[in-house]
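Single-structure report; data block below.
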Amino acid sequence: MRIDMAPTDVCGGFRIRPGIFLDRGARIVPGGISFSVYSSTAKSCTLVLFHNGERDPFALIPYPESYRIGNVFAMIVFDLNDENLEYGFYMEHDGEHAGQCLLDPYAKLISGRDVWGKLPEEDEPFPYRGRVARDDFEWEGDCPLRTPAQELIIYEAHVRGFTKHASSKVKYPGTYAGLREKIPYLKDLGITAIELLPIFEFDEFDGRKNADGVPYFNYWGYSTVGFFAPKAGYAASGKYSLQMEELKTLVKLLHQNGIKVILDVVFNHTAEGDETGPCISFKGIDKKTYYILTPDGRYYNFSGCGNTMNCNHPVVRDMIIACLRYWIAEYHVDGFRFDLASILGRSQDGAPMANPPLLEMMAYDPLLKDAVLIAEAWDAGGLYQVGSFPSYGRWMEWNGRYRDDLRRFLRGEEGLAASVAARITGSEDIYDRRWRGDVASINFITCHDGFTLWDLYSYNEKHNAANGWNDTDGSNDNFSWNCGQEGDTRDPEILRLRRRLVKNAAAVLFTSVGIPMLLAGDEFGNSQQGNNNAYCQDSELSWLDWSLLEKNRDIYAFFRHMIAFRKAHPMLQRMSKGVPAGYPPISLHGTQAWHFDYSGCNRVIGVMFAGRCMADGEERDDFVYLGINAHWEAHRIQLPGLPKTMQWQVVVDTMDEKHAFHETPESLKEGESFLLGPRAVMVCASQFVGS
Amino acid sequence: MGVLCVEILTERDDSIRKIVLSGRLDTESSQELCSRVCNLMTDQPMLVSLKKCNYISSAGVRALLVIAREAKEKGIKLRFSDAQPMVYDVLDMIGFLPLIEYRDTAAEAEAELL
């Protein structure tokens, strides 16, 4: 028993004592709960306690002056039932937001949006409330996975959209539990990491509007209310406040199946908007600390969402680091993808910094040492840092150049052969391996933000009218091609071509050097009907339609085989232990072996990868050849010669409609060329034929 | 207010020790639940019926896990069974049914314990 855990005072009938000043947030301690909060501007602070769901508080307990050290208020209140308790703070400032009950920035559970889409009462004065969490969990020995980053094959998914559609046939659609039911599917596909769109508590009604009677939601969730709390509305058990347990079980079971968990996190702004936005937490607690403000006190908007978090203020830095550490230590997640990460490198006056303390801290933090750190290396304030993001040799980046160059080349644009060769071979022109290591480039052709892969080859233009902005939202630079008809068609030739282009993209993605990322549903031809900005579409438009899995079984099988193929050839992951004698690890070719055509009109690329792999229990030389014909006419391809003990086998020919991946591949005779069809991709692998 | 009742259905010399939990499994009852059930553990297999439990909270879930772990450490075969819909749903949603060796019916659980 500790002698300093006994009540020292009584206030309003509640036994209290000074709390844990080194903590922030609420923590269960013997006999009570410690509530601690920072503010540099508050003159005084009052703890506000509610019973669950009650409109009026049952206790208002002012922090005595002696319960404040520096800018931290800390108090233990004894004899509280933590399961029937919601809390917030009143803070007295000179300025705005007086009398408003404020959410704890460190709240580990937040109530108020427990069931997705359930409208709160219009006049609810305190709509988001902190709850006290019990962090203990039966992990059964689990810890964050330690598999090498080179083995990442990332699958980007939205928790709700992944299983909300009736065709998912899960018991708990649209939830962490629903996703859990799909783990066998993910394992069968072969991905090694799932990247979840934001799961920090957000308000799906943020920016809510109705147009033509259709409700629009903040569906993607890029607008954080609380950084430490999981989205309750994504939990089937959210109405029982068990979202923490449900999410932890999901992480544990994903790990048991060899799948890492990466969270898409949004630290660049909050749900509080600008001067006209709601005051939920940070604004009322200490807006000068938490936000970048203009000299006259207005909100800078580098995020495009009204405000900008003051990420390099020491207190905010501490909060972000504490948050990341919390998700690693308590939820066992394996990494993070940072939305508009360039904001994390801006100074307190908004200027980009050469050596941003926050990014440096993340790169060197002991608890984050093995965590995947992925930057979306730009922001809405014009900062574009693809290739120049301050990385400390640790950070990976969404490679927007890969997406754009591949999209343009694969639809048949000229003038891109040399750039595309660079993208396929690891984008070393952008990411110097000496400084950036082997895994800096996250290669992707599609992501949540833009067309799905099927739509990329079904639409020339975006079709966002359903978003209610007269088609003014969403990018116009999609580099897509509808193959001859906009949208749905029954034309068999067009459909054949679309399927081939989808497979072309997959074949190139999974044979490129770098970390591949695919958008959930692309592996079975999911469509958003041409909508390239489904941020507000909580509807069948954005939910994955699992009935397509049966319809497009050949596409799924192709993705699955390509993922397995990638895993079987370590040099594609920069994990080869050596290079065959006399061969460079990567070489470029054209219709003629060893002759790459750098001319502007070239649309035919060959890339050969040479390394070592395990086969039949022994290490052998290994060669992979990727041939891309983005031209609308067939071309005869001469493959580079192999050592005499080996011959080429054609593993992939996307001209083959039903079996583009050849499970029993045909061999090519020495010197034999291959006729690669129009707009088609081939992949060959070396076969050992003996001495 | 969490009110919990632990009902003992069998005597110590029966082949299975059967216990019925009734009431609310929450923060106010969970500590007592753990100590009472753990005190009832002998070397007999144990069947804990949840058929009269009408509510379970986060603390109640933890109590069941503590009981399951205690039984495992003591080498006692233990099964939970017969949860009411709300309790079953909670345990199912959060994926805890496998952790506590839950069976849908007492008969199914008994068959494994004998």
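Considering helices alone, the calculated mean residue ellipticity of chain A at 222 nm is -5500 deg cm²/dmol, with DSSP H runs of length four and up weighted by -39500 (n - 2.57) and normalised per residue.
Ligands, DNA and RNA are left out, and with a 1.4 angstrom probe the accessible area of chain B is 45 Å² per residue. Dividing the convex hull volume of the alpha-carbon atoms in the range A:122-216 by its residue count gives 191 Å³ per residue.
In a fully extended conformation the segment linking A:K288 and A:T8 would gain 97.4 nm over its present Cα-Cα distance, using 0.36 nm per residue.
Note on A:F21 and A:Q348: the extension gain reaches 115.1 nm, defined as 0.36 nm multiplied by sequence separation minus the Cα-Cα distance.
Tell me which of A:S587, A:G412, A:P357 sits at the most positive position along the dipole axis of the protein assembly as shown, charges placed on C-beta atoms (Lys, Arg +1; Asp, Glu -1). Final value for the positive-end residue is A:S587.
Please list, by residue number, every one of the GluC sites (Glu not before Pro) in the range A:105-148 that is coil in DSSP and has at most 12 other beta-carbon atoms within 10 Å.
Taking the range A:105-148 and a limit of 12 other Cβ atoms within 10 Å, the loop GluC sites (Glu not before Pro) found are A:E121, A:E122, A:E140.
Placing +1 on each Lys and Arg Cβ and -1 on each Asp and Glu Cβ, with no other charges, gives chain A a dipole about its Cα centre of roughly 1340 debye. By a 1.4 Å probe calculation restricted to protein chains, A:S667 has an accessible surface near 50 Å², given to the nearest 10. Remark on the range A:230-279: accessible area falls by at least 50 square angstrom from chain-alone to full-complex state for A:Y240, A:L242, A:E245, probe 1.4 angstrom. For the range B:90-114, heavy-atom accessible area (probe 1.4 Å) falls by no less than 20 Å² from the chain alone to the full protein assembly at B:V90, B:D92, B:M93, B:I94, B:G95, B:F96, B:L99. Gyration tensor over the Cα atoms of the range A:519-567: the corresponding equivalent ellipsoid has semi-axes (square roots of 5 times the eigenvalues, largest first) of 24, 12, 7 Å. Computed from Cα atoms, the angle from the helix A:243-256 axis to the main principal axis of chain A rounds to 30 degrees.
Could you tell me which of A:L85, A:H659, A:F137 has its Cα farthest along the dipole of the protein assembly as shown towards the positive end, charges placed at Cβ (Lys, Arg +1; Asp, Glu -1), taken about the Cα centre? It is A:H659.
With only the Cα atoms considered, the range B:4-113 has a convex hull volume of 83 Å³ per residue. Heavy atoms of chains A and B lose about 1700 Å² of accessible surface on contact, summed over both sides with a 1.4 Å probe. Taking 7 Å steps out from each Cα toward its Cβ at A:K369 and A:E413 produces label points 4.4 nm apart.
Rounded to a whole number, what is D in µm²/s for the protein assembly as shown from Stokes-Einstein with the Kirkwood radius over alpha-carbon pairs (4 °C, 1.567 mPa s)? Taking Rh from Cα pairs, D becomes 45 µm²/s.
For the range A:9-102, the relative contact order comes to 33 percent (Cα pairs under 8 Å, sequence separation of at least 6).
Look at where the Cα atoms of the range A:433-493 and of the range A:124-200 average out, and the two centres are 25 Å apart.
Rg over Rh for the range A:486-632 works out to 1.05, using Cα positions for both radii and the Kirkwood form for Rh. Please compute one quarter of the surface area of the Cα convex hull for the range A:9-102 and express it in square nanometres. If I average the Cα hull's projected area over directions, I get 5.9 nm². The distance from the alpha carbon centre of the range B:41-77 to that of the range A:245-273 is 30 Å, rounded to a whole number.
For the range A:165-307, the fraction of alpha-carbon pairs lying more than 25 Å apart is 40 percent, rounded to a whole number. In a reduced charge model with +1 at each Lys and Arg Cβ and -1 at each Asp and Glu Cβ, the range A:363-449 shows a dipole moment near 140 debye about its Cα centre.
Run the accessible area of the protein assembly as shown with a 1.4 Å probe and give the carbon-and-sulfur part as a rounded percent.
Result for the protein assembly as shown: 50 percent of the exposed heavy-atom area is carbon or sulfur.
Please list, short to long, the whole-number percent of alpha-carbon pairs of the range A:562-609 in consecutive 5 angstrom bins beginning at zero. In whole percents, the pair-distance histogram is 5, 18, 21, 19, 18, 14, 5, 0.
Grab the beta carbon distance between A:Y384 and B:D43, set R0 = 51 Å, and tell me the FRET efficiency rounded to 0.05.
Numbers: r = 69 Å, r/R0 = 1.36.
After rounding to 0.05, the efficiency reads 0.15.
Under the criterion of Cα pairs below 8 Å and six or more residues apart, the relative contact order for chain B equals 25 percent.
Quick check: the angle from helix A:492-511's long axis to the longest principal axis of chain A, C-alpha only, nearest 10 degrees? Compared with the principal axis, the helix lies near 70 degrees. What is the distance in Å between the Cα centroid of the range A:9-75 and that of the range A:519-561? Measuring centre to centre over Cα atoms gives 48 Å. Subtracting the Cα-Cα distance of A:K239 and A:N71 from 0.36 nm times their residue separation leaves 57.0 nm of extension gain. Simple spin-label estimate for A:E672 and A:H51 gives 8.2 nm between the two label positions (7 Å along the Cα-to-Cβ direction from each Cα). Counting every C-alpha pair in the range A:576-688, the share spaced more than 20 angstrom apart comes to 39%.
Given chain A, what percent of its DSSP beta bridges are antiparallel, to the nearest 5? Kindly include the intermediate steps, with their values, before the conclusion.
Working: 82 of 108 bridges.
Close to 75 percent.
The values are calculated or read from the model by the stated rules, or taken from the named source; none is laboratory data. All values reported here derive from a predicted model rather than from experimental measurement. Glycine also receives a Cβ, built like all others from the backbone with ideal geometry; neighbour counts cover every protein chain displayed. Keep in mind that these areas ignore ligands, DNA and RNA; they rest on the heavy atoms of the full protein, side chains included. Shrake-Rupley method; radii C 1.70, N 1.55, O 1.52, S 1.80 Å.
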